[in-house]
1. Can you tell me which residue among 328, 282, 296 is within 18 Å of residue 196 (Cβ to Cβ) and open to solvent by less than 60 Å² (accessible area, probe 1.4 Å)?
2. Report, by residue number, each residue of the range 210-230 that is assigned to a helix (DSSP H, G or I) and surrounded by 13 or more Cβ atoms within 10 Å (Cβ to Cβ).
3. Any idea which residue in the range 112-137 is surrounded by the most Cβ atoms within 10 Å (Cβ to Cβ), counting only those that are more than 10 Å from the ligand (Cβ to nearest atom), touching a residue at least 60 places away in the same chain (Cβ under 8 Å) and among the hydrophobic types (A, V, I, L, M, F, W, C)?
4. Criterion first (more than 16 Å from the ligand (Cβ to nearest atom) and either surrounded by 24 or more Cβ atoms within 10 Å (Cβ to Cβ) or more than 17 Å from the chain's Cα centre (by Cα) (or both)) does residue 164 satisfy it?
5. Which residue pairs have Cβ atoms closer than 9 Å, lie 6 or more positions apart in sequence or on different chains, and pair a first residue in the range 141-157 that is aliphatic (A, V, I, L, M) with a second residue that is open to solvent by 70 Å² or more (accessible area, probe 1.4 Å) and in a loop (DSSP other than H, G, I, E, B)?
6. For residues in the range 193-209 being within 15 Å of residue 259 (Cα to Cα) and modelled with pLDDT of 95 or more, which is most open to solvent (accessible area, probe 1.4 Å)?
7. Only one of (1) in contact with a strand residue (DSSP E or B) (Cβ under 9 Å, 6 or more places away or on another chain); (2) closer than 16 Å to residue 85 by Cα is not met by residue 158, so which one is it?
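The values are calculated or read from the model by the stated rules, or taken from the named source; none is laboratory data. Small disclaimer: the values here were computed from a predicted structure and weren't measured. FYI the Cβ positions are ideal-geometry reconstructions off the backbone, even for glycines, and counts take in every protein chain you see. Calculation scope for accessible area: heavy atoms of the full protein, side chains included, ligands and nucleic acids excluded. Shrake-Rupley method; radii C 1.70, N 1.55, O 1.52, S 1.80 Å.
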Amino acid sequence: MRKFFIIGLVLVAALYLLPAAYYLLGDGSSLAIDFEDLTMPDAVPVDHSTSDGNSTDEASAETQKPDHSVITVDIDGKPTEMPLETYVEGVVAAEISNDFPPEAIRAQAVAARTYAVYKIDRGRPDQHPDADVCDDFHHCAAYRDVAVETAAGGDLSRVEQAVQDTAGQIMTYDGDAIAAVFHCASGPRTESAADVWGGDIPYLQSVVSPGGSACEQYERAVKLTVDEFREKVSKTFPTADVSGTPDTWFKASTRSDAGGIETVKLGGVTVEGTAVRELFGLNSTNFTITTTDDSLTFHTIGYGHGVGLSQYGAKYMAEQGSKYDEILTHYYKGATLSVV
Ligand SMILES: [Zn+2]
């Protein structure tokens, strides 16, 4: 029952949050990319056991499980089948630095593999019906061709080793691959899925996450003139009253436990923190604001949506001696390291 309750929450969330999910995306220019922020709202779990309505014996259920050894990737619009492990290498290479500690890269490898399996289990989406995943980080995950990169002299030895060391390992909850979302760096805590996407996911809760400040994007400021600010606001929130001085524009914010702005009153209109992030190109929803008479500055902490594995948190934990499985179970609360 619990599982179906969760599924129900996710489906309800999907109806309301799909448009909002697009607000959450990072700019893709940094080391780490927000891993498909719309994952949670869009989730539709697959029932492996009874898809034909009458197969209940174990052997039959087993044969209906999707093949997880290969994956079809939409690369530049062309479906390309490859071994799952080759795909995982390509995602890890795109998502984390080869210079990170091996245990952090192993954690990232398991997260990437888990997410790929999760996508296979969900079935091919309308966006690319001929492929399980695509190489667009806005929708699935970034991907780099490791063979091409190494042939060109790139060093991805730690990435390759981490994928080999963790081959076949994924994180599961109630026996299913989890939506192993991740981000670059959190403030002192990660965000929960409930606070960011509105649907509670048991393994995506807010947890302490030290080490984010090592990310060079951890603290950032975005400054706008009064005219720039008013122009952007008038297009997106035309009913917001941003006359007067900048110090009067923002009021009555609510924050998640992790510090992210959930809602704020902008010129009298209640807006989501994620919408503010999108509108002004902020690194995160964890922001404060300073003003002068003719300008307004957002000061952000963290980089990304803040849910799930923090890559810089993983780096920090690895440097403190944690193993990759400890990192994963810290960030994916209650999930279990399993064999795919
Ligand atoms: Zn995709």
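1. Every option except 282 fails the conditions.
2. 212, 213, 214, 226, 228, 229, 230
3. Among residues in the range 112-137 that are more than 10 Å from the ligand (Cβ to nearest atom), touching a residue at least 60 places away in the same chain (Cβ under 8 Å) and among the hydrophobic types (A, V, I, L, M, F, W, C), the one surrounded by the most Cβ atoms within 10 Å (Cβ to Cβ) is 112.
4. It is true that residue 164 is more than 16 Å from the ligand (Cβ to nearest atom) and either surrounded by 24 or more Cβ atoms within 10 Å (Cβ to Cβ) or more than 17 Å from the chain's Cα centre (by Cα) (or both).
5. Pairs that qualify, where the first residue is aliphatic (A, V, I, L, M) and the partner is open to solvent by 70 Å² or more (accessible area, probe 1.4 Å) and in a loop (DSSP other than H, G, I, E, B), are 156/144.
6. Looking at residues that are within 15 Å of residue 259 (Cα to Cα) and modelled with pLDDT of 95 or more, I get 208.
7. (1)
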